Amino acid sequence: MHSKILLAALTLFSVTLAGSHDTVMADRRRHHVHKRCHKRQSHHHDHDHDHGHNDWHQDHNSGSSASSTSVATSTTASATSTSSSAAAATTTASSTSSSSKAGLAWPNGDANDISQWTNGKIGWYYTWSPWPVDSASGLDFYPQLWGQKQVSDWQQQKGKFAEWGTTHILGFNEPNESGQANMQPADAASLWNEQIAQYQGQYTLISPACTSRTGDSSSGTDGIKWLQEFQQNGASFDAVAVHIYETDYNKVIEYLQKVHDTFQLPVYLTEYACQNFSGGDQCSESEVWQMMQKTTSWMDSQEWMHGYAWFGAMEQMQGVNIMNQLLSSDAPTGLGSYYIQSA
């Protein structure tokens, strides 16, 4: 009789303890997602994940902004110019295999399981913020200072870079676009030198990621011109980031070549997809596959292409052609599986 009572008591205690654990884990998950600020924008497209809010606000073309990891060890010598630090970056990354060039532009925090992306050829990821994903132990995290509005987050997180094994830092998100970081080159250079330049020679500093816009307009300006003025105002970086949305893979390749020819530095394509933001027809499924296959193959063959991240690792595509989707129902799509294994 006593043994039955003891067994019942132990069973009740175990159930209570398990329920308490589940509640704690659920609260932690909600807190983690709440703590993530994910900002990105494609060429003429906005979506906003505001840090400090429980809801993820989305607003297509309405002015709300959003968007858009392994030089292994730190360089001992402090770089004092773009040319010297670029040489160090090129030397370090020249041994990087093509399989580690593929990255993940991840806007989901822990709401989706990023570990499903760690068993293939993806080597790094970023979150449009300085906040990593806790479970991404198999991928290198590249922290990003999205823009002026994210400085407090950056200052809060930068003390953890060594703990994370940080190797690369990403600059501002589309500062040449009015709906994104929206910064004049001189102002951006000032912020860069205040918050990021101190890490030159320690990590690979990747430039602000401008869009491939090739002319001035009311909503944005030429990305290459913006970066040149950024340099002229005293900012120095080790590699160049760019965002490209096109329906012709040849145009992607041509623009990447132009960026490299202009700056003579390693290049990172940190957002791209087969997408038309000019009002014309969108890519078919076969054209999306062709875009991915042709561009990844070409980028893997270029020594100066050090990284790329396809846009689409999310369940809601935020105005981008759904054919580009890499993630669906918390699992990679067919395109996503190809990206993991073949990129």
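Each eigenvalue of the Cα gyration tensor of segment 202-303, multiplied by 5 and square-rooted, gives one semi-axis; in descending order these are 25, 18, 10 Å.
Taking 0.36 nm per residue of sequence separation and subtracting the Cα-Cα distance, how much length would be gained by fully extending the chain between Q316 and E194, in nm to one decimal?
Contour length minus Cα-Cα distance gives 40.4 nm.
Using C-alpha pairs under 8 Å with a sequence gap of at least 6, the mean separation divided by the residue count of segment 268-343 gives a relative contact order of 33 percent. Karplus-derived 3J(HN,Hα) values for segment 127-141, using 6.51 cos²θ - 1.76 cosθ + 1.60 with θ = phi - 60°, are 10, 6, 6, x, 9, x, 9, 4, 8, 8, 5, x, 10, 6, 9 Hz; glycine and proline are entered as x.
Taken one residue at a time, the phi angles of segment 254-259 give Karplus couplings (6.51, -1.76, 1.60, θ = phi - 60°) of 4, 6, 4, 5, 5, 4 Hz. Gly and Pro are set to x. For segment 261-288, there are no residues whose amide N sits under 13 Å from a probe point set 7 Å from the Cα of K149 along the beta carbon direction. Note: relative contact order over segment 97-167, using C-alpha pairs below 8 Å and six or more positions apart, is 27 percent.
Just so you know, all these numbers are worked out from the coordinates, no wet-lab data involved. Note that this is a predicted model, so its numbers are computed, not measured. All Cβ positions, glycine included, derive from the backbone under ideal geometry; neighbour counts span all protein chains shown.
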